[in-house]
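The values are calculated or read from the model by the stated rules, or taken from the named source; none is laboratory data. Quantities reported herein were computed from a predicted structural model and do not represent experimental measurements. We place every Cβ from the backbone using ideal geometry, glycine too, and count neighbours over all the protein chains shown.
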Amino acid sequence: MQILRYRWENFEPFFILGNGKNRGRMRLLFQDISLRFGEKRCIGFFKNGKYNTCPNNRKTGYENMCEDCQKEDDFFPCIKCSGSACINLKRREECKENNYYIYLAAFDSLLKVGVSYEHRLLERLVEQGADFGAKIALVRDGKNARLLEQQMKLFLSAKDRIRGKEKHATLFGNPNMAVATIYKAINKLKNNFNLLEPEIYDLRRHYKLQNVSADPNLLEIKDNLEIIGRMVAAKGNILIFKNQNGCFSLDANYLIGRDAEKIN
């Protein structure tokens, strides 16, 4: 089965798996895992609400989709949206009717500005792996939301993406530092932007890091990587498992596109 997505549902992480037209999901937390991962290949595309496998089953590098499938996919252009101009006109009307929160996410002293659908805010913060988060603006129309996100990011000199190695380095971040980072950003923004009354969320309970007694060793994702052990925690896209050799972590986002084969 190929790993098509890694996502959080009801504050729990899952792999979404596919084999041709068949799809399923794999529960991860507190499960005994014994898997070998193959080469990274294109995950296919969604068109008119229907999933399609990659016609050529192409190998890919960093991207999860090959160039041909990116062009066919209904949602891929939206990933690159900066709010300056719509680059996915087939979804423009839908996008205009949705409400979005602009949020701040803190990882120790690292700060990210992001956008979430109104109904997914808390789950979005958890799937990011933030220690603390805050909603700071409610915007109608995704194009407007992206534009405001970019303006705030530049104003704060913040990030719009925290990479896996950075998240791994701040697994056990200082909660006081994270809260202070958010408050500092809010105080800076409020004199220049029209903000909501800030609501700050402590997200740490979702990650189960109390089951991890020492810094895990970060594994390099490569062809034929094997993981054997019990999955004991997950912080955003960082999965943590234990076995007789110790405690290990890996970036689940880099497993997307790879085949997952059970080891007997």
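A quick yes/no check of all residues on (1) more than 22 Å from the chain's Cα centre (by Cα); (2) in the same structural domain as residue 16 (by TED's automatic domain parsing); (3) at pLDDT 95 or above:
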{"site": "41", "(1), (2), (3)": "no, yes, yes"}
{"site": "46", "(1), (2), (3)": "no, yes, no"}
{"site": "51", "(1), (2), (3)": "no, yes, no"}
{"site": "57", "(1), (2), (3)": "yes, yes, no"}
{"site": "60", "(1), (2), (3)": "no, yes, no"}
{"site": "65", "(1), (2), (3)": "no, yes, yes"}
{"site": "80", "(1), (2), (3)": "no, no, no"}
{"site": "86", "(1), (2), (3)": "yes, no, no"}
> Cβ-Cβ below 8 Å, separation at least six or inter-chain, first residue in the range 15-38 and without any contact (Cβ under 8 Å) to a residue 24 or more places away in the chain, second basic (Lys, Arg): which pairs?
Replying inline: 16/5; 16/7; 16/23; 16/25
> Within the range 190-246, can you find the residues that are touching a His at 6+ places or on another chain (Cβ under 9 Å) and among the β-branched types (Val, Ile, Thr)?
Replying inline: 238
>> Given (1) surrounded by fewer than 17 Cβ atoms within 10 Å (Cβ to Cβ); (2) in a loop (DSSP other than H, G, I, E, B), identify the lone condition not met by residue 83.
In response: (1)
> Can you name the residue in the range 149-170 that is in contact with a strand residue (DSSP E or B) (Cβ under 6 Å, 6 or more places away or on another chain) and hydrophobic (A, V, I, L, M, F, W, C) and is also surrounded by the fewest Cβ atoms within 10 Å (Cβ to Cβ) among such residues?
Replying inline: 158
> Looking at the range 157-185, which of its residues are more than 13 Å from residue 109 (Cα to Cα) and either touching a helix residue (DSSP H, G or I) at 6+ places or on another chain (Cβ under 9 Å) or not assigned by TED's automatic domain parsing to the domain that holds residue 116 (or both)?
Replying inline: 160, 164
